[in-house]
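Undergrad: I'd like to ask you about the structure that follows.
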Amino acid sequence: MNKNNDHVGSSFDNFLSEEGILDEVEKTASDRLASFDLAESISHDQMVSRYCDEVIPVAIYEAAVKLFDGNQHNAVRWLNEPARALGGITPLECLSIESGPVEVLDLIGRLEHGIYS
């Protein structure tokens, strides 16, 4: 079945206008953009608390996210998994030790540079 498409070659806005939904689509896009802007404006401290149950020092959270190329989910998962380099405890558990934050940042630095021992 070969059906002609009247919209081939027209702009997307013209298509939406002809379908009578341009205003609705523009409003939805504007609302989503506003939500995105709001999410971007949330402070790092608030963002950390949204992704995990414990409060994580911002520097450690940011370093972990950077280690995982911006993937917050993978960073939080890593922070909650036992690490052999930390004696088998999780990086989050290590934070409760006096020298823990330094050890976690050191481990992240080593991983970034491919030093796995």
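The values are calculated or read from the model by the stated rules, or taken from the named source; none is laboratory data. Values in this document were obtained by computation on a predicted structure and should not be read as measured data. Here the Cβ positions follow ideal geometry from the backbone for every residue, glycine too, while neighbour counts run over all protein chains shown. For the accessible areas, the whole protein counts, side chains as well, though only heavy atoms, and no ligand, DNA or RNA atoms are used. Shrake-Rupley method; radii C 1.70, N 1.55, O 1.52, S 1.80 Å.
Undergrad: Within the stretch 96-105, take every residue that is over 15 Å from V65 (Cα atoms) and surrounded by 13 or more Cβ atoms within 10 Å (Cβ to Cβ) and give me the one that is nearest to the chain's Cα centre (by Cα).
TA: P101
Undergrad: Show the residue pairs meeting these rules: Cβ distance below 9 Å; 6+ apart or different chains; first residue within the stretch 93-116 and within 12 Å of I56 (Cα to Cα) and among the acidic types (D, E); second residue open to solvent by less than 40 Å² (accessible area, probe 1.4 Å) and assigned to a helix (DSSP H, G or I).
TA: E93/L86; E93/G100
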